[in-house]
Amino acid sequence: MEELSLMKRKFVDYIDKVIKNNHISHTYLIEINNNDEDYSYVLSFVKMIFSNMSYDDVCKSNLPIFSQIDSHNYPDLQVIEPDGSMIKKSQLLELQKDYNNKSLLGGKRIYIIKQAEKLNASSANTILKFLEEPEDDIIAILLTDNRYHVLDTILSRCQVLTLREDNLVFSDDQSLEEVLKYVLNPKEFFIQYKNIVENLLVDKNIAKDKLLLIERILVCYMNFEYSNDSFDNKNILSMLEQIEQGKILFILDVLENEIPKLEFNVNYKMWLDSLFSKLVIGG
């Protein structure tokens, strides 16, 4: 059996527990690196649902339906991919039409939507009712490379899992260190406000990229249980080691709630002031 990375091990352990306890959700959003290896784990999850087998048993089995699943030819599995630059409303209407009929095999039906961040407002509205009022035998699996690129109306209705491996090489990013310093010590934000808004977080796109990266740094720091070997940047590691675990969890909660708001037409400066005001509360 292959040696699994930390993130994949967590994913496999979780889906094994889901299958064993028959606690399958109706809707999953799975963060993946866009490669065949990560997608193979998604298909393994699909095989586990259809066969009620563990991950290890699926890997050792040669059931005929597994090759059909791999080739997207299994009758009760549909895979939706973007048509050009977006997932179109017509694709989802066709999916709903097909899934209005009962399974020919009498079991569960699964649909996978690749690159779910390419659901626009129109196509998202089309799929929302399907997600909100699912039939007992229909399971949705949405895939994305970043949960925060998915519309909030979709994200809020999904159980989020991740297969993403985080690259923790930040040696040359001095600006990232500076932003992290202010996130960890938010009272300094208001003292250094002019420098921050003119040189570090000059617009919402830069702020979103930096803060998403900081969120991942914090998540990895917690997941790796403070392992020095997980970070090449010792300045970042030193900053994190001075912060209590509870405060890091508070910061993660604030970032998770506030970053998605940048997807909407918000006043950026007001949003930035509000973000750091909320971080100060936990300081």
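Readers should treat all values here as calculations from the given coordinates under stated rules, not as data from a laboratory. Everything numeric here is computed off the predicted structure, so don't read it as measured data. Note that each Cβ is placed from the backbone with ideal geometry, even for glycine, and that neighbours are counted across all protein chains shown.
So which aspartates and glutamates pass the test for residue 8, namely a Cα distance under 16 Å, with those fewer than 8 places away in the same chain ruled out?
Hits, sequence-local ones excluded: 16, 31, 36, 37, 38, 56, 145, 165, 166.
Filter the trypsin sites (Lys or Arg not before Pro) in the stretch 77-174 down to the DSSP loop ones having no more than 15 other Cβ atoms within 10 Å, then list what survives.
Numbers: sites: 88, 89, 97, 102, 108, 109, 114, 118, 129, 147, 157, 164; in loops: 88, 102, 108, 114, 157, 164.
Qualifying residues, ordered by number: 102.
Return the Rg/Rh value of the chain, two decimal places, where both radii are evaluated on C-alpha atoms and Rh is the Kirkwood radius. Don't jump to the answer; show the numbers that get you there.
Values: Rg = 21.1 Å, Rh = 20.9 Å.
My calculation of the ratio gives 1.01.
Taking only DSSP H segments of four or more residues, each worth -39500 (n - 2.57), what value at 222 nm results for the chain once the sum is divided by all its residues, to the nearest 500 deg cm²/dmol?
Details: 13 runs with 144 residues, N = 283.
Estimated from H runs of four or more residues: -15500 deg cm²/dmol.
Between residue 281 and residue 62, what FRET efficiency follows from the Cβ-Cβ distance if R0 is 51 Å, with the result rounded to 0.05?
Numbers: r = 56 Å, r/R0 = 1.10.
For residue 281 and residue 62, the calculated efficiency is 0.35.
List the GluC sites (Glu not before Pro) within the stretch 240-269 that fall in a DSSP loop (any state other than H, G, I, E or B) and whose Cβ has at most 14 other Cβ atoms within 10 Å.
Numbers: sites: 241, 244, 256, 258, 263; in loops: 244.
In loop regions of the stretch 240-269 (DSSP not H, G, I, E or B), the sparsely surrounded GluC sites (Glu not before Pro) are 244.
May I ask you to sort 7, 222 by Cβ crowding, counting other Cβ atoms within 10 Å and putting the fewest first?
On the way: 7 18, 222 14.
Starting with the residue having the fewest Cβ neighbours, the order is 222, 7.
Angle between the Cα long axis of helix 245-258 and the longest principal axis of the chain, 0 to 90 degrees, nearest 10?
Long axis of 245-258 versus the principal axis of the chain: about 70 degrees.
So if R0 is 25 Å, what FRET efficiency would residue 81 and residue 37 give, r being the distance between their Cβ atoms, rounded to the nearest 0.05? Display every interim value, and only then the final one.
Working: r = 18 Å, r/R0 = 0.72.
Once the sixth-power term is evaluated, E becomes 0.85.
Under a crude label model (7 Å from the Cα following the beta-carbon direction), how far is residue 185 from residue 247 in nanometres?
Rounded to a tenth, the inter-label distance reads 1.0 nm.
Would you mind giving the three semi-axes, in whole Å and largest first, of the ellipsoid equivalent to the stretch 174-281 according to its Cα gyration tensor? Display every interim value, and only then the final one.
On the way: eigenvalues 104, 42, 34 Å².
The answer is 23, 15, 13 Å, longest axis first.
Counting other Cβ atoms within 10 Å of each Cβ, which chymotrypsin sites (Phe, Trp or Tyr not before Pro) in the stretch 79-158 have at most 13 and sit in a DSSP loop? Mind showing how you got there, number by number?
Numbers: sites: 99, 111, 130, 148; in loops: none.
Nothing satisfies the criteria.
State which entries of 88/108; 187/269; 10/129; 60/108 exceed 19 angstrom in Cα-Cα distance in the structure shown. Present the calculation step by step, with values, prior to reporting the outcome.
Values: 88/108 25 Å; 187/269 16 Å; 10/129 31 Å; 60/108 22 Å.
Listed pairs above 19 Å: 88/108; 10/129; 60/108.
Using only the Cα atoms, work out Rg/Rh for the stretch 73-159, with Rh taken as the Kirkwood radius, to two decimals.
Values: Rg = 12.4 Å, Rh = 13.2 Å.
That ratio is 0.94, to two decimals.
Averaged over every viewing direction, what's the projected area of the C-alpha convex hull for the stretch 6-162? Give it in nm², one decimal, please. Before the final figure, lay out the partial values.
Working: hull surface 35.4 nm².
Directional mean of the projected Cα hull area for the stretch 6-162 stands at 8.9 nm².
For a Förster distance of 25 Å, can you work out the FRET efficiency between the beta-carbons of residue 174 and residue 6, rounded to the nearest 0.05? Working shown, then result.
On the way: r = 28 Å, r/R0 = 1.12.
Calculated transfer efficiency: 0.35.
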